[in-house]
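The values are calculated or read from the model by the stated rules, or taken from the named source; none is laboratory data. For clarity, every value in this text was computed on a predicted model and none was experimentally measured. Note that we place each Cβ from the backbone using ideal geometry, even for glycine, and neighbour counts take in every protein chain shown.
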Amino acid sequence: MPAQPAVAWIGDSATGHLQLIDQTLLPVEYLELKLQTVETVWEAIKSLRVRGAPAIGVAAGYGVVVGAQSARAGTRPELDARLNQVIDYLATSRPTAVNLFWALERMRGVAQAAKDLTSAQLVDRLLVEARAIEDEDREMCAAIGRHGLPLLRDCSGVLTHCNTGGLATAGDGTALAVIFAAARERPTLQVYADETRPLLQGARLTAWELMQRRVPVKLICDSMAGWVMKEKRVQAVIVGADRIAANGDSANKIGTYSLSVLAKAHNIPFYVAAPSSTFDLSIETGEEIPIEQRASTEITNAFGRQTAPDGCDTYNPAFDVAPAANITALITEQGLIQPVTKQQIAAVLKASR
Ligand code: MRU
């Protein structure tokens, strides 16, 4: 676990700031960023200094407070106009993780509901809400760990992809929270972590987190996952999600779709762990999930040097969608969703809506 949470608010609503661990530098360098403008918050989300769907949501909540500070001394109409501008701007940072939009609309809703507050009072209130988003996410991580734990009880090995731990959330994580819970019970549990090309969140962040917590981890290249399954080294695959459609189709880091197909082919359970803030019940299927396309240099200039010929064309989708039919169960803070159907999702999440 990092010495500090991945995302934190330091100070009061008038002069405080958003603090982040710059995840682009890990594991080589540990640097805490002090963000005091909405432009730097946008840039931090866009360039993955803060990343992972729940952490992006938490950062966005605090980003709204940062953006509101400059209008704190102004009139309410001035602050309201500023808030709309800030929220719309932060919403352009990344398209796939629905937690970003969920958190921003929650902050907008607070402002709209609190018409009688002065500007200074509203900025105070917005900080309370942003802190609530963080605190609730921490609790959701703990509940996901508890609900997922029985699923890994019979496993000697488990495979995961990307980073879904303390760096990606306000708490212990989603998929990694389940792994941490299982490893507490059975310290010999062997984790296989995909390196997660092109930005190596698995190698740089997941291996780092697991090693910090002394959970046995073997790092593998993404292309090795199928062979690891064939060799029966893992009895489950568990990943997080960035957006889950009403039917259970789950968008997650590129490579997740392939893992879901491989797991099915090897008759290995494939689990997706995510809080209710990652569900987008306004869309029916994964077809409607916007997939972020990222710069070709992430592929052509990997590992800190040129890794493709000059002028080489690329295709670089940052996410893909695991179809509900390939998912054994969804693990949420409300409990397990199994089978993964629209009806079951609606039934389990109803309590939290
Ligand atoms: O591009 P990233 O690093 O933000 O992608 C993160 C993932 O895909 C995670 O698996 C997902 O957000 C779940 S994090 C608990």
Listed by range, strands (runs of 3 or more DSSP E) wholly within the stretch 7-66 having at least 1 residues that are surrounded by fewer than 16 Cβ atoms within 10 Å (Cβ to Cβ) are 7-10, 32-35
Determine whether Leu259 is crowded, with 24+ Cβ neighbours inside 10 Å, farther than 30 Å from Gly311 by Cβ and in contact with a strand residue (DSSP E or B) (Cβ under 9 Å, 6 or more places away or on another chain). yes
Quick check: anything in the stretch 160-167 within 30 Å of Ala308 (Cα to Cα), surrounded by fewer than 24 Cβ atoms within 10 Å (Cβ to Cβ) and modelled with pLDDT of 95 or more? no
If I go through the stretch 256-277 residue by residue, how many of them are part of a loop (DSSP other than H, G, I, E, B), more than 14 Å from Thr96 (Cβ to Cβ) and within 11 Å of the ligand (Cβ to nearest atom)? 1
Please specify each residue of the stretch 199-212 satisfying the condition of being surrounded by fewer than 17 Cβ atoms within 10 Å (Cβ to Cβ) and not polar (S, T, N, Q). Met211
Are there any strands (runs of 3 or more DSSP E) wholly within the stretch 278-353 with 3 or more residues that are surrounded by 17 or more Cβ atoms within 10 Å (Cβ to Cβ) and either small (Gly, Ala, Ser) or within 16 Å of the ligand (Cβ to nearest atom) (or both), and if so which? 319-322, 329-332
With respect to the numbered conditions (1) buried (at least 22 other Cβ atoms within 10 Å of the Cβ); (2) more than 15 Å from Leu26 (Cβ to Cβ); (3) among the β-branched types (Val, Ile, Thr), which one is the sole condition not fulfilled by Thr196? (2)
Just one of (1) more than 14 Å from the ligand (Cβ to nearest atom); (2) crowded, with 18+ Cβ neighbours inside 10 Å; (3) of a type in the set (Lys, Arg) trips up Lys253, so point out which. (1)
Determine the pairs where a residue that is acidic (Asp, Glu), located within the stretch 311-324, has a partner that is assigned to a loop (DSSP other than H, G, I, E, B) and within 12 Å of the ligand (Cβ to nearest atom) with Cβ atoms under 6 Å apart, the partner being 6 or more residues away or on another chain. Asp320/Ile254
Which one is surrounded by the most Cβ atoms within 10 Å (Cβ to Cβ) among residues in the stretch 108-135 that are within 22 Å of the chain's Cα centre (by Cα) and of a type outside the set (A, V, I, L, M, F, W, C)? Glu134
Restricting to the stretch 209-250, count the residues that are within 16 Å of the ligand (Cβ to nearest atom) and of a type in the set (S, T, N, Q). 1
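Of the residues Asp124, Asp80, Asp88, which single one is in a helix (DSSP H, G or I), touching a residue at least 60 places away in the same chain (Cβ under 8 Å) and charged (D, E, K, R)?
From the options Asp124, Asp80, Asp88, the qualifying one is Asp124.
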Quick check on the stretch 99-121: of everything there that is in contact (Cβ under 8 Å) with a residue 60 or more places away in the chain and closer than 17 Å to Ala44 by Cα, which residue is nearest to the ligand (Cβ to nearest atom)? Asn99
If you go through the stretch 6-41 one residue at a time, how many are under 25 Å from Arg197 (Cα atoms) and either in contact with a Cys (Cβ under 6 Å, 6 or more places away or on another chain) or hydroxyl-bearing (Ser, Thr, Tyr) (or both)? 2
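Could you say whether any residue in the stretch 148-159 is within 14 Å of the ligand (Cβ to nearest atom), modelled with pLDDT of 95 or more, more than 30 Å from Ala302 (Cα to Cα) and not in a loop (DSSP other than H, G, I, E, B)?
Start the filter on the stretch 148-159 by keeping residues that are within 14 Å of the ligand (Cβ to nearest atom), which leaves 148, 159.
From the residues that got through so far, the ones that are modelled with pLDDT of 95 or more too are 148, 159.
Checking which are more than 30 Å from Ala302 (Cα to Cα) leaves us with 148.
Then drop every residue that is not not in a loop (DSSP other than H, G, I, E, B), which leaves 148.
Checked against the condition, which is being within 14 Å of the ligand (Cβ to nearest atom), modelled with pLDDT of 95 or more, more than 30 Å from Ala302 (Cα to Cα) and not in a loop (DSSP other than H, G, I, E, B), the stretch 148-159 yields at least one hit.
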What number of residues within the stretch 267-305 are at pLDDT 95 or above and on the phi > 0 side of the Ramachandran plot? 1
